[in-house]
Amino acid sequence: MKTKARINRFNVIDRLFHLSLMITFLLQTATGFSRLYIGTVWGRKVNSVVGGYEGSLQLHKWVGVAMILGFVLHSVYLLTRIKWRTPLKSILGEDSLIPNFKDLKHFGQQVRWIFGLGPPPRFDRWTYWEKFDYWAVYWGLPLLAATGLMLMYPLATSRLLPGWSLNIAALLHEAEAILAVTYIFIVHFFIGHLRPSSFPMNEAMFAGSIPLEAAAEEKPAWVARLRSERRVPEEGPAAPGRWYRVAYFVFGYAALSCGVYFLINGLLYARHISLH
Amino acid sequence: MARSPVILRIFAMLASVMTAGALILWPLPAGSDEVASAIRRYKSQEVSTGYYEEFEVLPRRNRPFVEVTGVQGGIIEYSPSAAKVRSRTHLADSHAGLDFYEFKTCQSCHPEQAEDLHTQRANLTCRQCHGGEPIASIQHYNSPMNPIRKHAYVCAKCHEGANASFGGYIVHAPAPGSDAARKNFPLLYATYWFMTLLLVGTLAFFIPHSFLTGLRELFAREKEVENEDESTH
């Protein structure tokens, strides 16, 4: 039995946050890594595209400030998402992204399933790797923001902290950027595009809704819970329009190719740079 | 005027030599060279501990008999193993007596110092910071690089308003993962290895995890297709 029913996964605000994160993240990658690799031919080439040595830094700083604003806005938005009448249930419940013991259990089941030793885990709304994705950004961004601000205002920083803290800040900034970029361009892109269940592209983050069938297959516990609460509508939200789909496919693949381009060149040229 | 007796002339000579020697060798009274300490520099009131960092006291006067090896052959060597000791850190010209100095680039003798951010990324030349000849040792009292004035004489040329603490930024930080960093800059070393472990750990977990999940999904699909085929037959 095939139905056209769909189920909401991300509202407009969630998607706008994700979209702006994508754009700012790629801009920071281009400006930041072209400066990190400025000693190499490739780095200079990319750097000249994104504004040159001075211009790219200017862009990097403004986009960084925009990301910090986005982070603050997102945190405020998070607070509004908590159901304040039942805060504990809302924060620790199944709709929340806070990791809990079930995630550990699911991980064990997932490993067993991978090796054919058991049934797949019955995920609820968020799988444990989706939760990790979320929190990776949520702690990586403040770290990059703090160290970035330190480097942006080195004199003010050195008034509060000893000068060598700038050495630490620069190293942390570079290392965390490398961690974020490799994680997103390898793991996140694989999960979003190459995994058989998402190939050629996991549309949830752009369409906002996914077919109910797919949801029931990937997140059975979630759909079952919604059903038992009678919160699954007959039809649900409309499927995304054709041209909208075309637009986000093009956009998604453009972002993917940017990422792969930076990943491959970054790896190729890695031995010509040093983290000083 | 009558010619002074020989004995008087010898006495005068001896006296002047001894005065000169005393002037050269006499230890300066402690505190006469005091500059506020690095930790509490510019505090108007300082309770002195009496301990001074090396760069805060004037270099001792040139002592005629004790020479830095390799610069000038003195009567008494600096130390029996002087050749192995890096002892150019308090010279007015840190390259005094080095062979072929004029014909080489800074990088050829100091490859490690050419790895820093200012050289590698900001594309500065060594001389923009270290200045023209002679290049004084960092710790020489009158060196522009001396930590008590480095921020004003060097950094502030480009970083407007640089303060002493800003000057504490280690321009030639050792490679963060190296043994040198472990000894001289442990926090940098720890940061480096912490972040490296985090990176390697995260990727070592999530790459196989995602890949195997993908692979397993592929098998699950195959099975489904088979099942569907069977049910339609």
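The values are calculated or read from the model by the stated rules, or taken from the named source; none is laboratory data. Only a predicted model underlies this, so the values are computations on that prediction, with no experimental measurement involved. No Cβ is skipped: glycine too gets one built from the backbone with ideal geometry, and neighbour counts run over all protein chains shown. Side chains are part of the model used for accessible areas, which takes the heavy atoms of the whole protein and leaves out ligands, DNA and RNA. Shrake-Rupley method; radii C 1.70, N 1.55, O 1.52, S 1.80 Å.
Scanning region A:101-126 for residues that are touching a residue at least 40 places away in the same chain (Cβ under 8 Å) and either of a type in the set (Gly, Ala, Ser) or open to solvent by 50 Å² or more (accessible area, probe 1.4 Å) (or both) turns up just one, A:ARG122.
Answer yes or no as to whether A:ALA169 is crowded, with 20+ Cβ neighbours inside 10 Å, more than 22 Å from the chain's Cα centre (by Cα), farther than 19 Å from B:ILE207 by Cα and among the small types (Gly, Ala, Ser). So A:ALA169 fits the description; yes.
Answer yes or no: is there a residue in region A:156-170 that is at the interface with another protein chain (Cβ under 9 Å from one of its Cβ atoms), polar (S, T, N, Q) and within 30 Å of B:ALA220 (Cα to Cα). For region A:156-170, residues at the interface with another protein chain (Cβ under 9 Å from one of its Cβ atoms), polar (S, T, N, Q) and within 30 Å of B:ALA220 (Cα to Cα): absent.
Cβ-Cβ contacts under 7 Å between residues 6 or more apart (or on different chains), taken from a first residue in region B:155-182 that is farther than 19 Å from B:HIS110 by Cβ to a second residue that is open to solvent by less than 40 Å² (accessible area, probe 1.4 Å) and assigned to a loop (DSSP other than H, G, I, E, B), are listed as B:CYS155/B:ALA162; B:ALA156/B:ALA162; B:SER165/A:GLY163; B:PHE166/A:GLY163; B:GLY167/A:GLY163; B:GLY167/B:PRO147; B:GLY168/A:GLY163.
Scan region B:132-176 residue by residue and report those that are surrounded by 18 or more Cβ atoms within 10 Å (Cβ to Cβ), within 14 Å of another protein chain (Cβ to nearest Cβ) and not aliphatic (A, V, I, L, M). Listed by number, the residues that qualify are B:PRO147, B:LYS150, B:HIS151, B:CYS155, B:ASN163, B:SER165, B:PHE166, B:GLY167, B:GLY168, B:TYR169, B:PRO174, B:PRO176. Elements of the type helices (runs of 4 or more DSSP H) sitting completely within region B:133-233 and holding at least 1 residues that are polar (S, T, N, Q): these cover B:164-167, B:179-184, B:186-232.
Quick grid of which residues meet (1) out of contact with any Asp or Glu (no Cβ under 6 Å at 6 or more places or on another chain); (2) in a helix (DSSP H, G or I); (3) surrounded by 19 or more Cβ atoms within 10 Å (Cβ to Cβ):
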position	(1), (2), (3)
A:PRO99	yes, no, no
A:GLU130	yes, yes, no
A:TRP135	yes, yes, no
A:GLY148	yes, yes, yes
A:GLY163	yes, no, yes
A:GLU176	yes, yes, yes
A:TYR183	yes, yes, yes
A:PHE190	yes, yes, no
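The residue that is farthest from A:ALA270 (Cα to Cα), counting only those in region A:171-198 that are facing chain B (nearest Cβ under 9 Å) and among the aromatic types (Phe, Trp, Tyr), is A:PHE190. Checking each residue of region A:238-248 against the condition of being in contact (Cβ under 8 Å) with a residue 60 or more places away in the chain, away from chain B (no Cβ under 12 Å) and open to solvent by 40 Å² or more (accessible area, probe 1.4 Å) gives at least one match. Scanning region A:55-97 for residues that are of a type in the set (Phe, Trp, Tyr) and surrounded by 15 or more Cβ atoms within 10 Å (Cβ to Cβ) turns up just one, A:PHE71.
Report, by residue number, each residue of region A:33-54 that is under 21 Å from A:ALA254 (Cα atoms), open to solvent by 20 Å² or more (accessible area, probe 1.4 Å) and in contact (Cβ under 8 Å) with a residue 24 or more places away in the chain.
Filtering region A:33-54 for residues under 21 Å from A:ALA254 (Cα atoms) gives A:33-34, A:42-43, A:45-51.
So of that shortlist, the ones also open to solvent by 20 Å² or more (accessible area, probe 1.4 Å) come out as A:33, A:45, A:48-51.
The one that is under 21 Å from A:ALA254 (Cα atoms), open to solvent by 20 Å² or more (accessible area, probe 1.4 Å) and in contact (Cβ under 8 Å) with a residue 24 or more places away in the chain: A:PHE33.
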